[in-house]
Amino acid sequence: MKSMVKSARMLIGGELVESESGEFVSSIDPATEEVIGKFPAGTARDVEKAVEAAEGSWEAWNGIGVAGRAEALRRFGELIMERADELLEVEVRDTGNTITPMRGDVKTGVGGINYYAGLGYELKGETVPSTPNNLHLTLREPYGTVGRIIPFNHPILFATGHTAGALMAGNSVVVKPPETASLSALLLAEIAQQALPPGVFNIVTGLGPQVGAALAVHPQVKRIAFIGSARTGMAIQRMAAEVAVKNITLELGGKNPMIVFPDVNVSDIVTAAIQGMNFTWQGQSCGSTSRLLLHESIYNEVVSQLAERIDAMRVGNPMDEASEMGAINSQGQYEKVLRYIETAKAEGAKLLAGGERPKGPEFKRGFWLRPTLFGDVKPGMCIAQEEIFGPVLSVMKWSDFDEALRIANDVEYGLTASIWTNNIDDALAMARRVRAGFVWVNSVGPHYRGLNYGGYKNSGVGRDEGIQEMLSYTEQKSISIALRN
Ligand code: NAD
């Protein structure tokens with residue numbers, strides 16, 4: 001099989017390089033299990049070199065000023081768009097996510113770059129009127145080197161739009177792509193080499209416990225920005241704390257509720273429940289509303305229509321525009337989802353749709369599953385508590401406001417919540433009391449540029465996607481000047 005990406009090289013100090021190890025990891029197309037490319041198996045030594053390059057470059061990068069950095073970032077965005085089709089194809093084949101929504105990922109990533117490029121002049125400090133005989137002021141300064149660790153569901157989006165804030169703030173970055181979807185990062189390495197000064201944007205591919213961990217414990221990388229599972233996030237906090245004091249932001253998992261009151265239009269709810277699950281990327285989204293909490297009076301009607309709609313969904317080749325769901329990203333993730341399905345059955349949840357491999361010769365190989373719906377789920381069950389990160393929707397029933405709230409909040413996570421009602425009192429009371437960092441009322445799914453995104457509880461620390469993300473990549477310095485006259 002011909003590799004989809006010509007150069008299997010990382011970007012360190014402006015050079016496209018292989019790993020010191022001389023070894024590679026294969027990339028598998030999850031829809032066919034074919035090898036579609038390879039990427040360098042980076043090591044701690046590669047991370048060391050990348051950090052050295054970043055450390056050697058950030059002062060000059062910061063020194064070109066806001067306008068200079070904005071110009072370079074916009075150029076980076078333009079070059080990405082020139083190769084958008086190539087990036088898209090690689091990303092779809094490597095992740096298994098369907099092509100139509102993935103087309104948005106490249107654009108949204110570049111949109112994020114342009115957004116932070118435009119926000120540069122907001123990297124400002126304050127004057128503080130504490131005493132009349134002094135001028136007290138604050139400055140924002142970059143950390144220096146930022147480590148950005150990325151999960152497999154939106155690799156190109158996170159490597160672009162979610163590094164731009166750090167770059168705009170005057171830092172250099174070392175990006176660690178996900179090992180089950182690293183190919184788009186190799187293309188990005190070629191693009192960044194053209195657009196940005198050497199050392200400012202580095203990419204080190206490889207396995208998490210080697211490359212990610214080496215970045216997390218590197219004493220010169222004080223600022224780590226992690227997107228991934230709560231388990232890895234906690235491991236990073238632990239490892240990092242052994243070597244240094246660090247500023248670590250964590251964008252982690254979710255087990256998000258969609259809470260539906262009785263006064264709704266059932267067909268709107270069925271459509272929204274499907275949309276909220278992000279089946280187009282096999283439910284593999286931190287924000288997926290994987291717990292549908294229905295008022296008892298509408299439970300039967302919603303569930304029966306939902307089962308029918310989910311059953312009719314078109315699972316198929318992710319490159320086909322008509323596919324509504326692709327393949328699960330990796331064998332490990334696939335097996336994990338299957339284990340949850342078995343556990344759910346054993347715990348007494350009622351399988352209402354899916355739960356098995358789709359039929360047909362095209363599904364003989366690959367990590368395929370039909371979109372899955374479980375009814376009669378009880379709040380204490382595994383599938384009601386744990387993040388599956390797959391196409392499995394659990395439906396629960398409630399009878400009064402307090403019960404709905406209790407079920408919604410009774411999980412370790414608190415990333416998103418979606419509330420459906422025409423009653424403003426119920427909507428606002430629930431929005432205020434649900435423990436989640438992002439709440440939709442009468443909608444589900446979209447992110448809005450400028451509106452903070454991040455989690456309560458074990459869903460994370462910090463807020464991304466708004467100005468706060470860019471500012472989080474700065475240290476604040478206070479200066480007090482004694483006025484002599
Ligand atoms: P993961 O935690 O397994 O891996 C994420 C990244 O961490 C990968 O690049 C991996 O190589 C690296 N890694 C693994 N072990 C490491 C270690 N010991 N030290 C340092 N780095 C290590 O997560 P995943 O399976 O790739 O992604 C799915 C998770 O990401 C889900 O929990 C999902 O909810 C979460 N996620 C969160 C957001 C958000 O914005 N909150 C967005 C997307 C995904």
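Bear in mind that the values in this text are calculations on the coordinates, not laboratory data. The shown structure was predicted, so the numbers you read here are calculated from the model rather than taken from an experiment. Because the Cβ atoms are built from the backbone with ideal geometry, glycine has one as well, and the counts that use them run over all protein chains shown.
Less than 13 Å Cβ to Cβ from Glu296, Lys/Arg counted +1 and Asp/Glu -1: what total charge do the surrounding residues give? Display every interim value, and only then the final one.
Numbers: positive: Lys397; negative: Glu301, Asp376, Asp400, Glu403.
Surrounding charge for Glu296 is -3.
Given R₀ = 60 Å, FRET efficiency for Lys477-Asp268 by Cβ-Cβ distance, to 0.05?
On the way: r = 51 Å, r/R0 = 0.85.
Rounded to the nearest 0.05, the efficiency is 0.70.
Compared with the dominant principal axis of the Cα atoms in the chain, helix 65-82 is inclined by about 50°.
Here the stretch 154-192 is scanned for amide nitrogen atoms under 12 Å from the site 7 Å beyond the Cα of Glu122 along Cα-to-Cβ, giving 165. At 7 Å along Cα-to-Cβ for each site, give me the label-to-label distance between Glu59 and Glu412 in nm. A separation of 4.3 nm, rounded to one decimal place. Charges were assigned to the Cβ only: +1 to each Lys and Arg, -1 to each Asp and Glu. The resulting dipole of the chain about its Cα centre is roughly 680 debye. The residue list Ala8, Ala216, Gly455 was ranked by how far each Cα lies along the charge dipole of the chain toward its positive end, using unit charges on Cβ atoms, and Ala216 comes out on top.
A simple spin-label model places pseudo-atoms 7 Å from Cα toward Cβ; at Leu16 and Thr131 they are separated by 5.8 nm. Under the simplified labelling scheme, the Asn422-Glu71 pair shows an inter-label distance of 5.6 nm, with each label point 7 Å from Cα along Cα→Cβ.
Rounding to the nearest 20 debye, state how big the charge dipole of the stretch 48-164 is about its Cα centre with +1 on each Lys and Arg Cβ and -1 on each Asp and Glu Cβ. If you can, show how the numbers build up before the last one.
Details: 11 positive and 16 negative charges, 55 e Å.
Dipole of the stretch 48-164, to the nearest 20 debye: 260 debye.
Around Asn62, what is the net charge, scoring Lys/Arg as +1 and Asp/Glu as -1 over all other residues with Cβ under 13 Å from its Cβ? Around Asn62, the surrounding residues sum to -2.
Taking Cα atoms, how many degrees apart are the long axis of helix 99-118 and the longest axis of the chain, rounded to 10 and kept between 0 and 90? For helix 99-118, the angle is close to 30 degrees. Packing here is the average count of other Cβ atoms within 10 Å per residue, and on that basis the peptides 148-155, 256-263, 430-437, highest first, run 148-155, 256-263, 430-437. Could you tell me how far the Cα centroid of the stretch 369-443 sits from the Cα centroid of the stretch 445-485, in Å? A separation of 28 Å, based on Cα centres. What FRET efficiency comes out for Asp85 versus Arg339 if R0 is 41 angstrom and r is the Cβ-Cβ distance? Round to the nearest 0.05. Calculated value: 0.65. Relative to the longest principal axis of the Cα atoms of the chain, the long axis of helix 296-311 makes an angle of roughly 80 degrees.
What is the chain by shape, rounded, prolate or oblate, if you read a ≥ b ≥ c off the alpha carbon gyration tensor as root eigenvalues and call it rounded for a/c under 1.5, prolate for a/b larger than b/c, and oblate otherwise? Numbers along the way, then the final one.
Details: a/c = 2.08, a/b = 1.32, b/c = 1.58.
Note, shape of the chain comes out oblate.
Suppose every Lys and Arg Cβ carries +1 and every Asp and Glu Cβ carries -1, with no other charges. What dipole size does the stretch 297-456 come out with about its Cα centre, to the nearest 20 debye?
Details: 18 positive and 21 negative charges, 77 e Å.
Value, rounded to 20: 360 debye.
Each other residue within a Cβ distance under 13 Å of Gly37 adds +1 if Lys or Arg and -1 if Asp or Glu, for a net charge of -2. Each peptide in 207-220, 127-140 gets a packing score, the mean of other Cβ atoms within 10 Å over its residues, and the list from highest to lowest is 207-220, 127-140. Computed from the C-beta positions of Arg45 and Asp320 and an R0 of 41 Å, the FRET efficiency is 0.45 to the nearest 0.05.
The slack between Phe24 and Gln237, meaning 0.36 nm per residue of separation minus the straight C-alpha distance, is 73.9 nm. Which stretch or stretches of the stretch 417-442 have amide N atoms under 18 Å from the point lying 7 Å from Asn452's Cα along the Cα→Cβ direction? Counting backbone N atoms under 18 Å from the label point, the list is 417, 431-441.
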